[in-house]
Amino acid sequence: MATQDFIERIQRRKAELGPRLLLLTHHYQRPEIVALGDERGDSYQLAELASRRAEAEFIVFCGVRFMAEAARVLAQPGQRVFHPVPTAGCPMADMAELPLVERAWAHLERSLPGKRVVPIVYMNSSAAAKDFCGRHGGAVCTSSNAGQALEWGLSQGDVLLFFPDQHLGRNTAARLGLPTTQVALWQRALPDGGLAPEDLQRARLLLWDGFCHVHTWFTPEQVDHARRQHPQGRVIVHPECDRAVLKKADGAGSTGYIVKAVREARPGDVLIIGTELNLVTRLAAEHPDRTVVPLSPSLCPNMYSITPRALAEELEALPGGRHEVFVDPQVGAGARLALERMLTLGG
Ligand code: SF4
């Protein structure tokens, strides 16, 4: 069956369900999926929307699993959340498995007596990791509000444990002016995180050693190459990129920031964007009067796995649905607390 047939099936089902359905699509989704969504956004915007749209009976989330889980946690009890491809996960979120986080936490409690450690977990994490954060006085953050979250955390305690994305943590700390001598990397596979006692005593920010392979694909050499190709261009990258890439870029920020930068550019401007390819391609198509090119093509296969066919089949299976998202209520309580703290911090 051709893509167009699935698109028509989705449109038909959307018309039948009307306001009972809220179809949320992340910016990294395929163009045809984004075009069908009721709302598009980054993970912060979509989490916020899921918490506000109490009238929708069914929330169908086109993104990766941790996003659908967060929508489930923030949705009203009577609402139901569906994820068309339950295997669409996020490798970075999987780098912070709960037993590893608990082991790190136990070590910090033993090694830093009298110090208050505050956990800050990136949105790109499991509900269990968010629950851990909520239960230990921490907060969730996204790439839009990581700065506010770090400042908040430092005002609440002596040391922050930031997980799972080391690059977002390191880049945000640099933006806030935290000295590099106070930032240490917790290597989850090594005993004691690979940190000597004196490194731990000195640290105010401990970074988990997770990363996103889509964004660590970008290199400083690619920035140099892009500048040779487009001497007038501005290079804008996502803070999940390596610090060396950010140092060479003209600007860095969340998905929302990147979308705004392109929207606010002038006709004729050249923008070289270091983030997920589907977003860059769509921004280029939406702004034909400016040149928008990828720093290098880097596609998230997990986001891409949500196909029009999977979405059509999910919608046609409602109200029962095929892949409803469930979060253990006990896990949901702590995760909700940490997510609500994130929403209070703002975006
Ligand atoms: S782009 Fe990176 S962080 Fe986002 S879902 Fe894909 S792998 Fe995870």
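Only the coordinates and a few stated rules stand behind these numbers; no lab work does. In this text, all values refer to a predicted model and were calculated from it rather than measured experimentally. Methodologically, a virtual Cβ is constructed for each residue, glycine included, from the backbone with ideal geometry; neighbour enumeration extends over all protein chains shown.
With the dipole of the chain worked out from charges on the C-beta (+1 for Lys and Arg, -1 for Asp and Glu) around the Cα centre, which of M342, P301, P179 lies farthest toward the positive end?
The listed residue farthest towards the positive side: P179.
With +1 on each Lys and Arg Cβ and -1 on each Asp and Glu Cβ, how big is the dipole of the range 13-137 about its Cα centre, in debye rounded to the nearest 20?
Rounded to the nearest 20 debye, it is 220 debye.
Once the piece of chain linking H287 and R243 is laid out straight, how much longer is it, given 0.36 nm per residue of separation minus the C-alpha distance between them?
13.0 nm
Rounded, prolate or oblate for the range 214-347? Axes are the square roots of the Cα gyration tensor eigenvalues, ordered a ≥ b ≥ c, and the cut-off for rounded is a/c under 1.5.
Judged from the Cα gyration tensor, the range 214-347 comes out prolate (a/c at least 1.5, a/b above b/c).
Under the rule of at least 5 residues apart or a separate chain, name every residue whose amide H is placed under 5 Å from the amide H of L185.
L207
Using the charge dipole of the range 85-146 (Lys, Arg: +1 at Cβ; Asp, Glu: -1 at Cβ; taken about the Cα centre), state which of A93, H136, Y122 has its Cα farthest towards the positive end.
Final value for the positive-end residue is H136.
Under 18 Å from a point 7 Å along the Cα-to-Cβ line of T3: which residues of the range 290-312 have their amide N that close?
Hits in the range 290-312 for T3 at 18 Å: 298-312.
Lys and Arg at +1, Asp and Glu at -1: add these up for the other residues within a Cβ distance under 9 Å of A127 and post the number.
-1
Quick check: pseudo-label points 7 Å beyond the Cα along Cα→Cβ at E55 and D158, how many nm apart are they?
Reported label-point gap for E55 and D158 is 5.2 nm.
Rank these for me by crowding, K130, K248, K14, going from fewest to most other beta carbons within 10 Å.
K14, K248, K130
Evaluate the charge dipole of the chain about its Cα centre and quote only its size in Debye, nearest 20, assuming +1 on the Cβ of each Lys and Arg and -1 on the Cβ of each Asp and Glu.
480 debye
Can you bin the chain into rounded, prolate or oblate? Criterion: square roots of the alpha carbon gyration tensor eigenvalues sorted a ≥ b ≥ c, rounded for a/c under 1.5, prolate for a/b above b/c, oblate for the rest.
It comes out oblate by the Cα gyration axes.
For the range 22-33, what does the Karplus curve 6.51 cos²θ - 1.76 cosθ + 1.60, with θ = phi - 60°, yield as ³J(HN,Hα) per residue in whole Hz, taken in order and with x for Gly and Pro?
Ordered by residue, 3J(HN,Hα) equals 10, 9, 9, 10, 7, 4, 8, 6, 4, x, 5, 6 Hz.
Leaving out same-chain residues fewer than 8 places away, which aspartates and glutamates sit with a Cα under 13 Å from that of K115?
Partners within reach: D158.
Rounded, prolate or oblate: which one fits the range 1-133, using the alpha carbon gyration tensor with axes a ≥ b ≥ c (rounded when a/c is under 1.5, else prolate when a/b beats b/c, else oblate)?
Prolate shape, in that a/c is at least 1.5 and a/b is the bigger ratio.
Between the alpha-carbon centers of the range 248-263 and the range 31-98, tell me the distance in whole angstrom.
Computed from Cα coordinates, the inter-centre distance equals 23 Å.
Please tell me the relative contact order of the chain in percent, rounded to the nearest whole number, where contacts are Cα pairs under 8 Å and at least six residues apart.
22 percent
For Y122, Y44, Y257, what's the fewest-to-most ordering of other Cβ within 10 Å of each Cβ?
Starting with the residue having the fewest Cβ neighbours, the order is Y257, Y44, Y122.
Could you list which residues have their amide H under 5 Å from that of R234, counting only those 5 or more apart in sequence or on another chain, with H placed in the peptide plane?
The answer is V270, L271, I272.
Using r as the Cβ-Cβ distance of R266 and R175, and R0 as 22 Å, what FRET efficiency do you calculate, to the nearest 0.05?
Result of the calculation: an efficiency of 0.25.
Of the beta bridges DSSP finds with both residues in the chain, what % are antiparallel, to the nearest 5?
About 5 percent, rounded to the nearest 5.
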